[in-house]
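Taking it in order: structure first as structure tokens, then the write-up.
The values are calculated or read from the model by the stated rules, or taken from the named source; none is laboratory data. Note that the structure is predicted; figures quoted are calculated from it, not measured. Here the Cβ positions follow ideal geometry from the backbone for every residue, glycine too, while neighbour counts run over all protein chains shown. Keep in mind that these areas ignore ligands, DNA and RNA; they rest on the heavy atoms of the full protein, side chains included. Shrake-Rupley method; radii C 1.70, N 1.55, O 1.52, S 1.80 Å.
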Amino acid sequence: MRKLNIFENYKNFHFIGAGGISMSGLAEILHDDGCFVTGSDRNNSGLVEGLRKKGIDIKIGHDAQNVGENVQVVVYNAAVPQDNPEMLEAKARGLYLMDRAELLGRLMQNYETAICVAGTHGKTTTTSMLAEIFMTAQKDPTVMNGGILPSMGGAMRIGSRDFIISEACEYHNSFLKFWPHVGIILNIEMDHSDYFDNIQTLRASFKQFAQKIPRDGLLVVNGAIEAVEQLTQDIDCNICIFGEKGHFTASNIRYNNLGYPEFDVVAADGEKTLGSIVLKIPGHHNVQNAMAAICAALHCGINFNAIATALSHFTGPMRRFQHLGNYNGATIVDDYAHHPTEVAATIQAAKNMPHNRLWAVFQPHTRARTAQFLNEFAQELARADEIIILDIYNPAGREEEKYPIHAKDIVAKIDTATCRHLPNFATCVDFLRRHIKANDLVLVMGAGDVHKVAESLANMP
């Protein structure tokens, strides 16, 4: 049995919210290492059933009795309120309460190289690209992803102790509990205004993340980040900047007739071209994601040909410009975009693809984000030909009553006959079914449960 250096004499764990993508992966890793694991979740799901098939007891609903008498450590995430009955039970019994980020950070210390992918946008796609590259190169990585990667068979993969590849989220400063050997910063834009006061505090958090990388490690950073030199100064580790005037540049970017980018990777001196990359996912933003993955993989000893081969087969994680099918001759695409920059990138990627009318179906994610970026959402969504705005999705555990905002406020900002608010998924699906036509492209966007709209439409006879 492989030994984990999490705690001495602690082998019994209980997960509150075990059905989350990251939580379920952590539970599986501990179970695989011989720990006794139980858990609970509000709802049943495929991830819950997957844990049960591995012999992990997951209860539906939260109850103090779910915390067994042998439990030593209770793991929770940011969505779990402090008055959750299982949290209260753990406190009453003096059990060790550990948040998800702390557990993942402790796990990272058991791997030779931890690769942590940070940034406001692109974390899941870049983590997935790295997973594809390392699997193709037969490096047997352990992967903790924020989305399901079909070639990996899920959102996580248990591999050897050589490499762990993980998303590193800035929300609640979670990534400051990680121990990266290779840290990637894809971009920095204001988000999570319910936690970060302003862009300065957000940038300071990313700077602290970079400072956690050891001297023999590597910081991979996008040269397009504003004042990038402030992030890289006083950093002890090696630094690799990608982008214009960086150590590696994507040159000669072109798009094929399907809207997929191809480009050459050029070293800093401009004289050495490593080779060409052909992607099977659209959008200029994915050129940037690929460049970050390439820099990290090269540092870890993977040759360029293996990297290029892996990326040429990469079709992306689920819910990242995922083609779900067709209805009435229209193409149905599901995407996780929930920030104005992501919406802009997704719409631009769609515009590069053959289509007649472009539909944008958008479910805003959190009142805080909608209030902060109301004008930006309206501006970017207005670039579609037809727009549907659904009600705002508010995740569990977010107290947002102080934001008096409604989805109709986006509609009012766009103020055109081609933009409408629809009250529920059933009404939306029915409207689309009656109005979309052959060669239309329907983008269903949002980080909540709006994927159900895309799935319903794509599965219709």
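Some observations on this one:
- Applying the criterion of being touching a strand residue (DSSP E or B) at 6+ places or on another chain (Cβ under 6 Å) and of a type in the set (Asp, Glu) to the residues of the stretch 36-94, the residue that is farthest from GLY17 (Cα to Cα) is ASP57.
- Looking only at residues of the stretch 424-434 that are free of Cβ contacts under 8 Å to residues at least 40 places away in the same chain and assigned to a helix (DSSP H, G or I), we find that the one that is least open to solvent (accessible area, probe 1.4 Å) is VAL429.
Conditions (1) open to solvent by 10 Å² or more (accessible area, probe 1.4 Å); (2) more than 22 Å from TYR171 (Cβ to Cβ); (3) touching a Pro at 6+ places or on another chain (Cβ under 8 Å); (4) modelled with pLDDT of 95 or more, marked per residue:
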site: HIS14; (1), (2), (3), (4): no, yes, no, yes
site: GLY34; (1), (2), (3), (4): yes, yes, no, no
site: THR38; (1), (2), (3), (4): yes, yes, no, yes
site: LYS59; (1), (2), (3), (4): yes, yes, no, yes
site: ASP63; (1), (2), (3), (4): yes, yes, yes, yes
site: ASN66; (1), (2), (3), (4): yes, yes, no, yes
site: ALA79; (1), (2), (3), (4): yes, no, yes, no
site: MET87; (1), (2), (3), (4): no, no, yes, yes
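- From ASP264, ASP234, residue being modelled with pLDDT of 95 or more, more than 18 Å from LEU130 (Cα to Cα) and not in a helix (DSSP H, G or I): ASP264
- Pairs where the first residue, in the stretch 212-234, is under 20 Å from PHE248 (Cα atoms) and the second is part of a loop (DSSP other than H, G, I, E, B) and open to solvent by 20 Å² or more (accessible area, probe 1.4 Å), C-beta under 7 Å, 6+ apart: GLY217/HIS181; LEU219/ILE235; ASN222/ASN187; GLY223/GLU244; GLY223/LYS245; ILE225/ASN187; ILE225/ILE188
- Residue that is most open to solvent (accessible area, probe 1.4 Å) [pool: residues in the stretch 193-211 that are in contact (Cβ under 8 Å) with a residue 40 or more places away in the chain and more than 21 Å from GLN288 (Cβ to Cβ)]: ASP194
- Segments classed as helices (runs of 4 or more DSSP H), wholly inside the stretch 269-364, with at least 1 members that are of a type in the set (Lys, Arg) and over 17 Å from THR127 (Cα atoms): 340-351
- Note on the stretch 107-141: residues that are over 21 Å from the mean Cα position of the chain (by Cα) and within 27 Å of ILE188 (Cα to Cα) amount to 1.
- Flag for VAL444 being touching a His at 6+ places or on another chain (Cβ under 8 Å), part of a helix (DSSP H, G or I) and either open to solvent by 10 Å² or more (accessible area, probe 1.4 Å) or closer than 26 Å to ALA330 by Cβ (or both): no
- Lone unmet requirement of (1) under 24 Å from the mean Cα position of the chain (by Cα); (2) at pLDDT below 95 for VAL361: (2)
- Cross-chain or 6+ apart pairs with Cβ under 8 Å, the stretch 135-157 first and closer than 19 Å to GLY105 by Cα, then acidic (Asp, Glu) and outside any strand (DSSP E or B): PRO141/ASP162; MET156/GLU28
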